[in-house]
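To start, the structure itself, in structure tokens.
The values are calculated or read from the model by the stated rules, or taken from the named source; none is laboratory data. Please read these numbers as outputs of a predicted model, since none were measured by experiment. As a convention, Cβ positions derive from the backbone with ideal geometry for all residues, glycine included, and neighbour counts pool all protein chains shown. Note: areas computed on protein heavy atoms with side chains; ligands, DNA, RNA excluded. Shrake-Rupley method; radii C 1.70, N 1.55, O 1.52, S 1.80 Å.
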Number of protein chains: 2
Amino acid sequence: MGAIKQKTKTEILTKTIPLFAQRGYDGVSMRDIAKTVGITVGSLYHHFPDKQALYVEALGQTFAKHTDFMRDAFVENDNPKNRIRILIHSLCVLVNEDNNLSQLMQREILDGDKKRLQFIADNVFSGFLRNMNELCLLLAPERDPHLLTISIIGLIVYHFQITPMRSLLPGHQCSHNDSEVIANHVFSLLENSWE
Amino acid sequence: MGAIKQKTKTEILTKTIPLFAQRGYDGVSMRDIAKTVGITVGSLYHHFPDKQALYVEALGQTFAKHTDFMRDAFVENDNPKNRIRILIHSLCVLVNEDNNLSQLMQREILDGDKKRLQFIADNVFSGFLRNMNELCLLLAPERDPHLLTISIIGLIVYHFQITPMRSLLPGHQCSHNDSEVIANHVFSLLENSWE
DNA sequence: GTCTATAAAGGGATAGAC
DNA sequence: GTCTATCCCTTTATAGAC
């Protein structure tokens, strides 16, 4: 019984996430959601007390999907240079595969809601960034690990953020949309910084 | 007469830009705008045919403010390494000073409206990026200039994008909010890539 | 050029039948 | 658990007085 309810809830969230990711919280109405899911607004309110709650659960589900990646991205039995190379490639694939994740993250940072940022920091980033900081210290002990960590992430994320605009910019090529190409570029760009 | 009308319009836009930047298009109502400007909704519609037009003009004014920077950021009588160093510092100051510019840009990229992205590409980025590409070719002839250009911009922009969240992340320090600190970090990180 | 008043549509949310 | 029907507020936008 609870399991069935859970299943419907999950399905609602799964179908709603892309809406919030693409149009933002204010850009999506409960009517939009109901229509997309294929039920009525009244039914929606049987599963969630209000729109905010639905949104927060959608966020949670989106991030939960990638918790494993965030935890397992650090294989310790290899040399730091190989570890960061693999990590950069994995991150590129992850960001390239799940547009919803990146877009929701961006919107949350733009929105700046303190409580939700704290939730994301604690549940999504915290462990991952701590591992990144450690790895950065191994790679470049003389650098500020936090700045280097954010730089690596930013370098990757920005390339995918700007994708919708890339084809309108001078010098672009189709290959620039390939996550392997971006990964190789990013790694080779940083390679000389820790040698 | 036209000049006075223009002045009122400009004032409306100036006071409205921060609203759109912080809360997004759907997050701001014509009432909000009227209240912020200090006139009524009816008067607003005397100056702009609809909300879309107001928004687009607000975008235009925001970007126009920085056209000069985009054009003048390239002093040609210096060696490439100095030029990129100065450029990185200028970009950091620019992005750090005008939150509205960065936020509106982000929102536009997220929104993905083709026509408006084209407008931004043509009127804001085009010349700047072409100059960047040239400079990148001088710095690192063996690299893809477009990828290097986007990387440099992304490296800078992301540090300021993530500012609202930075204090919640492991390893952060107050100094990380300083545009000089970011600029020096970014430059030193890339320095080894073109030597 | 600014106001008041109001239309018309869309938004979140609830009640109660089935 | 889903539906219909509805409430009430906000939204965009317009008309017309001053």
| note | Within segment B:119-146, the residues that are at the interface with chain A (Cβ under 7 Å from one of its Cβ atoms) and either open to solvent by less than 40 Å² (accessible area, probe 1.4 Å) or among the aromatic types (Phe, Trp, Tyr) (or both) are B:ALA121, B:PHE125, B:SER126, B:LEU129, B:ASN133, B:PRO145, B:HIS146
| Per-region count, segment B:28-59, residues part of a loop (DSSP other than H, G, I, E, B) and within 12 Å of DNA strand C (Cβ to nearest atom) | 5
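Quick grid of which residues meet (1) among the acidic types (Asp, Glu); (2) more than 9 Å from chain A (Cβ to nearest Cβ):
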site: B:ILE86; (1), (2): no, yes
site: B:LEU91; (1), (2): no, yes
site: B:ILE109; (1), (2): no, no
site: B:LEU117; (1), (2): no, no
site: B:LEU148; (1), (2): no, no
site: B:LEU168; (1), (2): no, no
site: B:HIS176; (1), (2): no, no
site: B:GLU180; (1), (2): yes, yes
| message | Kindly evaluate A:LYS81 against the criterion of being surrounded by fewer than 17 Cβ atoms within 10 Å (Cβ to Cβ) and within 16 Å of DNA strand C (Cβ to nearest atom). | response | no
| task | Answer yes or no: is there a residue in segment A:101-112 that is part of a helix (DSSP H, G or I) and within 16 Å of DNA strand C (Cβ to nearest atom). | result | yes
| request: Within segment A:19-48, track down each residue that is open to solvent by 40 Å² or more (accessible area, probe 1.4 Å) and more than 12 Å from DNA strand D (Cβ to nearest atom). | output: A:GLN22, A:ARG23, A:TYR25, A:ASP32, A:THR36
| Can you list the helices (runs of 4 or more DSSP H) found entirely within segment B:113-177 that contain at least 3 residues being under 23 Å from A:PHE119 (Cβ atoms)? | B:145-161, B:163-166
| remark: Listed by first then second residue, the pairs whose first member lies in segment B:54-72 and is within 14 Å of chain A (Cβ to nearest Cβ), whose partner is assigned to a helix (DSSP H, G or I) and more than 16 Å from DNA strand C (Cβ to nearest atom), with beta carbons under 6 Å and at least 6 positions apart or on separate chains, are B:PHE63/B:VAL124; B:MET70/B:PHE128
| task | Search segment B:29-40 for residues that are over 17 Å from B:ALA53 (Cα atoms) and pair each with any residue that is more than 9 Å from DNA strand C (Cβ to nearest atom) when their beta-carbon atoms are under 6 Å apart and the residues are at least 6 apart or on different chains. | result | B:THR36/B:LYS15
| Residue check for B:ALA183: open to solvent by less than 20 Å² (accessible area, probe 1.4 Å), touching a residue at least 40 places away in the same chain (Cβ under 8 Å) and touching a Phe, Trp or Tyr at 6+ places or on another chain (Cβ under 9 Å) | no
| field | Counted residues, segment A:60-78 - those being open to solvent by 70 Å² or more (accessible area, probe 1.4 Å) and either outside any helix (DSSP H, G or I) or within 16 Å of DNA strand D (Cβ to nearest atom) (or both) | value | 4
